[in-house]
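Okay, structure first, notes after.
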């Protein structure tokens, strides 16, 4: 059975995703920046509102090469998000040579498992690694539950052949296809062997202030995103029709 995971930014999104067929959600803040760790209050509310919540642990936007202080902060965030009711964490780290930072990933995964039953997803940092297929085999040694990947491509629909290769070497690790997923991509991703499909199913909401010409940051686009129930339902239907 192919699972459907929806990336959401708050409890309303978690509720909409669950109502329209999602099996779980990935909760983050600042989706327009690629996502960072959300607040404790957001995690608690999302956990109470919908399906199982897996929380992105990412202390800042930008690259996935972390120093000791950043790693220590993310270890603390892992503990906090699980204590707040998350069913799992979403983590990842790379070395400056483009390989998985297995030391950092193992530290974060072990911290999660210290809490008790928890799932650990390796996020799309793997798509920025030098060799995503080889990285799958390394991840399998780290106690990872699943890997989120676009197959090293800009969109998962364009990375299907690599996703197939990743599935072939994943062993007991689930391979979840995600990254720019369109509803039309889903049948091929299911056929490729993806254990789950991940998408944001979002729609923009325009800013409502009187003066939107004043910039508020580098990612200010005068809009924010919310979960679109129709997009979630369409993804669920596509998975079911594909025999997932």
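Bear in mind that the values in this text are calculations on the coordinates, not laboratory data. Please read these numbers as outputs of a predicted model, since none were measured by experiment. Glycine gets a Cβ as well: all are built from the backbone with ideal geometry, and neighbour counts include every protein chain shown.
With contributions of -39500 (n - 2.57) from each DSSP H run of at least four residues, the per-residue ellipticity at 222 nm computed over the chain stands at -10500 deg cm²/dmol. The fewest-to-most ranking of 66, 113 by surrounding Cβ atoms within 10 Å reads 113, 66. Normalised by the number of residues in the stretch 3-241, the average gap of Cα pairs under 8 Å and 6 or more apart makes the relative contact order 18 percent. Centre-to-centre, using Cα atoms only, the stretch 1-42 and the stretch 111-171 are separated by 19 Å. Look at 228, 127 and count the other Cβ atoms within 10 Å of each Cβ; fewest to most, that gives 228, 127. As a proxy for reagent exposure, ranking 55, 226 by other Cβ atoms within 10 Å from fewest up yields 226, 55.
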